[in-house]
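Worksheet for the structure shown next.
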């Protein structure tokens, strides 16, 4: 892993540790709602997934628009002269 | 391969790995919490067979296709099957576990409020798999 | 042989040939025929589910048989043979050898497919493509089930023979001047997927035999009534078929690696990272099989191990996406039909992968497992990524195979309709799964949300159906009457068509 990625990974781990609540309080008569836990996790992940999805598909759309050959700014790549790539 | 820098790719891989670590840690944590079965959970034996569910309570009451529980109590399901693999599913309470012949699988839940919910089979089990349904009836606490 | 149709030969010369392009052509035509057959079954499934209640399919048993044969056909008789077709045409040329390493073995591997297909279609089994015991042992009606088992057995042998052939061709028959690092990525993809086949498939081959003897009553490996364990089958099955997922997807990625640099007018951003990702995927792919089995009652530890194994396979796939996008960056892209399919495939690849991460995150599996979410998820892979890459490549190799040009406008329409249809069907099915609809059901209760989403999905499926009819018309018409292709540069990109396109493999 590169110097920049390592702290990120560590950060992700460290950030997730305080989120560990003590083992779900199991006082008699008070139970955890598994619906809430599981769906909360689902929506947290969907938030991240849709954010990344927007970035990825935004990049794809931008690449397609910017580098299509009909774009006024399109320029021959340096491999084209040799006709080999 | 043509004199470009690989640095952006390494950064990208780092970000991907960090995100996956986050996903794994979160999922691990929630699973750990959800799997912890409360001590005082009441036992219900669930048996799947082609193509209906049988529920047997601790006091010996047996019902077919209908599960009656009380709001505010915790229940522990011991799930098994008499013939082929079924999957016991109360989608509204995110309860899902396979009923495997020869094995007993355990899952628990605690209904919060009174109401009616569908019980269904989520694993293909033959001709009437699509209609292997039941009702969960959550009653007000007595 | 190349440009078959420009210079017709009697059909038996092709059928009894062992030349790699002839065998490739046989693979190609067979796989496409099965694609249309399997697709027709898919349309009948979607038509049935348009409304709750029975519509066009008379009874549940017929429905169960239809989705079983649909899955089996499209995986084993379309995707795998299609990849073999591409491999047969191009791997020998890419490693600069006159033919496959074992031409006769190659022809034998192909000729195992028609009888296997006949067994599967004439039997029409009902126990899903997963043949789950004990249902498949004690409950599934024969002889359909036994015919399915024999069919799969034959296909397994065929896959193994094909894999051996690709591995030997690439490793031992490549031109001595060509170091392995210079072998094009498409050939690398066949090398890695063939290695996976060799390691993974024998497990399922053994499981099939055990299933058969169980059905005959001679043994009880998977039958709990006599002390067997059905979960053992699940392990054996998924040990083969989770890696097999990568066998399906890796050649499609390899095909995108051919198309994208070509139409971006740039070389691949980093061929070495593509190779690294292929190799990594084919190793890490073996660490995740039991993520299909969280709901069978696995312990917390087991689930954790397989979740980590699954997540570990993601960076390799992400590297491919990076490579594709970095290749397009700074290019001058011509969006001809093959490029449209490849780019559409990348876009859907991300969604499919994200859905897979959700499935493997342990507690979320209890929302998605065996629901329509899973159906949407893996179809987004097999249709959105694998079929998109494959069809794109089919358009790309079309001039090479026929010497003619397909109709560009019809190709574009095919892409747009398929893309819209795929999004409509499979994204909707994800949401349908979140609403709790189980998969493999003939009928469903009239819950308004379920009905609405099933109808959206069915309309999407009909759109795909229309696009496939256009595709068929385009292929047939262009093959027979298409404008002769400019074989130096069919798309006017300003460079030589990538491969030697002479009538014969120049190395022959």
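Only one residue in B:67, B:20 is over 14 Å from the mean Cα position of the chain (by Cα), more than 30 Å from residue C:228 (Cα to Cα) and not assigned by TED's automatic domain parsing to the domain that holds residue B:110. Which one?
Working: B:67 fails: not assigned by TED's automatic domain parsing to the domain that holds residue B:110.
Unique residue meeting the criteria: B:20.
Filter the stretch B:108-120 down to the residues that are part of a strand (DSSP E or B) and more than 7 Å from every other protein chain (Cβ to nearest Cβ) and list them by number. Explain how you work it out, then say what you get.
So the first thing to find is which residues in the stretch B:108-120 are part of a strand (DSSP E or B), and the list is B:108-109, B:115-120.
Result: B:108, B:115, B:116, B:117, B:118, B:119.
Given the residues C:189, C:194, which is the only one that is under 18 Å from residue C:106 (Cα atoms) and surrounded by 20 or more Cβ atoms within 10 Å (Cβ to Cβ)? Quick ask: steps written out before the conclusion?
Working: C:189 fails: under 18 Å from residue C:106 (Cα atoms).
On inspection, the qualifying residue turns out to be C:194.
So is residue C:251 within 14 Å of another protein chain (Cβ to nearest Cβ) and either at pLDDT 95 or above or surrounded by fewer than 21 Cβ atoms within 10 Å (Cβ to Cβ) (or both) or not? Spelling it out, it is not the case that residue C:251 is within 14 Å of another protein chain (Cβ to nearest Cβ) and either at pLDDT 95 or above or surrounded by fewer than 21 Cβ atoms within 10 Å (Cβ to Cβ) (or both).
Within the stretch C:450-461, being surrounded by fewer than 18 Cβ atoms within 10 Å (Cβ to Cβ) and within 14 Å of residue C:423 (Cβ to Cβ) holds for C:456, C:459. From the list C:169, C:132, C:128, the lone residue that is touching a residue at least 40 places away in the same chain (Cβ under 8 Å) and part of a helix (DSSP H, G or I) is C:169. Pairing residues of the stretch A:74-85 that are within 18 Å of residue C:269 (Cβ to Cβ) and within 7 Å of another protein chain (Cβ to nearest Cβ) with residues that are surrounded by 12 or more Cβ atoms within 10 Å (Cβ to Cβ) and at pLDDT below 85, at Cβ distances under 7 Å and at least 6 apart in sequence or on separate chains, gives A:79/A:85; A:80/C:494; A:84/C:495; A:85/C:495. Looking only at residues of the stretch C:348-370 that are in contact with a strand residue (DSSP E or B) (Cβ under 9 Å, 6 or more places away or on another chain) and at the interface with another protein chain (Cβ under 7 Å from one of its Cβ atoms), we find that the one that is nearest to residue A:49 (Cα to Cα) is C:367.
Condition check ((1) surrounded by 23 or more Cβ atoms within 10 Å (Cβ to Cβ); (2) modelled with pLDDT of 95 or more) across all residues:
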| residue | (1), (2) |
| --- | --- |
| C:347 | no, no |
| C:365 | yes, no |
| C:386 | yes, yes |
| C:392 | yes, yes |
| C:400 | no, no |
| C:421 | no, yes |
| C:448 | no, no |
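Which residues, counting only those in the stretch B:84-107, are facing chain C (nearest Cβ under 7 Å) and in a loop (DSSP other than H, G, I, E, B)? Across the stretch B:84-107, the qualifying residues are B:84, B:85, B:94, B:100, B:102, B:103.
Would it be correct to say that residue C:146 is surrounded by fewer than 20 Cβ atoms within 10 Å (Cβ to Cβ) and outside any loop (DSSP other than H, G, I, E, B)? I'd like the intermediate steps shown before the answer.
Working: surrounded by fewer than 20 Cβ atoms within 10 Å (Cβ to Cβ): yes; outside any loop (DSSP other than H, G, I, E, B): yes.
Against the criterion (surrounded by fewer than 20 Cβ atoms within 10 Å (Cβ to Cβ) and outside any loop (DSSP other than H, G, I, E, B)), residue C:146 qualifies.
Restricting the search to helices (runs of 4 or more DSSP H) fully inside the stretch C:226-341 and requiring at least 2 residues that are touching a residue at least 60 places away in the same chain (Cβ under 8 Å) and closer than 19 Å to residue C:374 by Cα gives C:230-264.
Report, by residue number, each residue of the stretch B:28-53 that is in contact with a helix residue (DSSP H, G or I) (Cβ under 8 Å, 6 or more places away or on another chain), more than 7 Å from chain A (Cβ to nearest Cβ) and either assigned to a strand (DSSP E or B) or free of Cβ contacts under 8 Å to residues at least 40 places away in the same chain (or both).
Residues satisfying the conditions are B:28, B:31, B:32, B:35.
Checking residue C:74 against (1) more than 14 Å from chain B (Cβ to nearest Cβ); (2) touching a residue at least 24 places away in the same chain (Cβ under 8 Å); (3) closer than 30 Å to residue C:439 by Cα; (4) part of a loop (DSSP other than H, G, I, E, B), only one condition comes out false. Which one? Failed condition: (4). If I filter the stretch C:383-405 for residues that are without any contact (Cβ under 8 Å) to a residue 12 or more places away in the chain, assigned to a helix (DSSP H, G or I) and either within 14 Å of chain B (Cβ to nearest Cβ) or touching a strand residue (DSSP E or B) at 6+ places or on another chain (Cβ under 9 Å) (or both), do I get at least one hit? No.
Among the residues of the stretch A:32-51, is there at least one that is crowded, with 16+ Cβ neighbours inside 10 Å, more than 7 Å from chain C (Cβ to nearest Cβ) and part of a loop (DSSP other than H, G, I, E, B)? Yes: the stretch A:32-51 contains one or more residues that are crowded, with 16+ Cβ neighbours inside 10 Å, more than 7 Å from chain C (Cβ to nearest Cβ) and part of a loop (DSSP other than H, G, I, E, B).
The values are calculated or read from the model by the stated rules, or taken from the named source; none is laboratory data. Everything numeric in this text was worked out from a predicted model, so none of it was measured. Neighbour counts run over all protein chains shown; Cβ positions are idealised from the backbone, glycine included.
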